[in-house]
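The values are calculated or read from the model by the stated rules, or taken from the named source; none is laboratory data. Being a predicted model, the structure only gives us computed values, none of them experimental. Note that each Cβ is placed from the backbone with ideal geometry, even for glycine, and that neighbours are counted across all protein chains shown.
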Amino acid sequence: MLAALARWLRAAGHDAALAPPSAPDRSLIEQARAEGRVLVSRDRRLVGEAGDVPAVLLSEGALDDQAAALGHALGLDWRLAPFTRCMMDNTPLRPATAEEVAAMPLTSRKRPGPFRACPRCGRLFWPGSHVRRMAERLQRWAAASDEGSP
């Protein structure tokens with residue numbers, strides 16, 4: 001579930017990295033410290049050992065609940081810069097080239113854009129119905145975070 005949450009953070013424009021599988025806790029804490037990251041985990045012991053590294057403990061549950069908890073804990077802006085990062089590999093997107101746009105489905109090319117591409121993995125991103133649905137969900141999460149703000 002944390003991988004899904006990381007993809008949604010990226011969809012909102014946040015820089016979200018995932019820990020490598022089987023990484024030792026100490027190395028995760030040191031990496032978070034070195035990179036100035038917030039450590040987000042469901043592991044109470046790991047969060048407890050984080051010391052001076054900002055850490056958020058999430059409980060098991062639905063993605064909406066975890067997004068709300070993270071939003072409240074960090075004052076997270078779910079509208080930071082929507083769809084400007086690759087949801088899969090976290091790379092900032094760039095404008096798609098004319099050749100990349102030409103490779104998109106015709107119905108998508110007819111839309112006004114923006115059309116973006118990931119320079120690392122080559123994925124293309126365009127505003128379609130999936131983006132509209134995702135944007136609506138980000139908007140709901142932002143509204144829920146705003147309700148919990150002082």
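Is the stretch 95-110 home to any residue that is loosely packed, with under 14 Cβ neighbours inside 10 Å, in a strand (DSSP E or B) and at negative phi? Yes; the residues of the stretch 95-110 include at least one that is loosely packed, with under 14 Cβ neighbours inside 10 Å, in a strand (DSSP E or B) and at negative phi.
Checking the stretch 128-138 against the condition returns no match, with no residue being at positive phi and either in contact with a Leu (Cβ under 9 Å, 6 or more places away or on another chain) or not polar (S, T, N, Q) (or both). When each of Gly71, Gly13, Gly75 is tested for being modelled with pLDDT under 95 and surrounded by 14 or more Cβ atoms within 10 Å (Cβ to Cβ), the lone residue that passes is Gly71. Taking first residues from the stretch 46-71 that are under 22 Å from Ala11 (Cβ atoms) and partners that are aromatic (Phe, Trp, Tyr) and in a helix (DSSP H, G or I), the Cβ contacts under 8 Å between residues at least 6 apart in sequence or on separate chains come to Leu63/Trp8; Asp64/Trp141; Ala67/Trp8; Ala67/Trp141; Ala68/Trp141; Gly71/Trp141. The residues listed here are Arg137, Arg111; of these, the one that is within 19 Å of Cys86 (Cα to Cα) and basic (Lys, Arg) is Arg137. Apart from one condition, Met134 fits all of (1) in contact with a helix residue (DSSP H, G or I) (Cβ under 9 Å, 6 or more places away or on another chain); (2) surrounded by fewer than 14 Cβ atoms within 10 Å (Cβ to Cβ); (3) touching a residue at least 60 places away in the same chain (Cβ under 8 Å); the exception is (2). Looking at the stretch 45-90, which of its residues are part of a loop (DSSP other than H, G, I, E, B), farther than 30 Å from Ala117 by Cα and in contact with a Ser or Thr (Cβ under 9 Å, 6 or more places away or on another chain)? Of everything in the stretch 45-90, those that are part of a loop (DSSP other than H, G, I, E, B), farther than 30 Å from Ala117 by Cα and in contact with a Ser or Thr (Cβ under 9 Å, 6 or more places away or on another chain) turn out to be Ala50, Leu58. Residues of the stretch 20-35 that are crowded, with 17+ Cβ neighbours inside 10 Å and in contact with a helix residue (DSSP H, G or I) (Cβ under 9 Å, 6 or more places away or on another chain): Leu28, Ile29. A single entry from Ala23, Ala16, Ala3 fulfils the requirement of being of a type in the set (A, V, I, L, M), within 25 Å of Arg137 (Cα to Cα) and either part of a loop (DSSP other than H, G, I, E, B) or in contact (Cβ under 8 Å) with a residue 60 or more places away in the chain (or both): Ala16.
I'm trying to understand the selection: among the residues of the stretch 116-130, which are in a loop (DSSP other than H, G, I, E, B) and over 14 Å from Pro105 (Cα atoms)? Outline the logic, then answer.
Quick first cut of the stretch 116-130, residues in a loop (DSSP other than H, G, I, E, B) only: 118-123, 126-128.
Within the stretch 116-130, Cys118, Pro119, Arg120, Cys121, Gly122 qualify.
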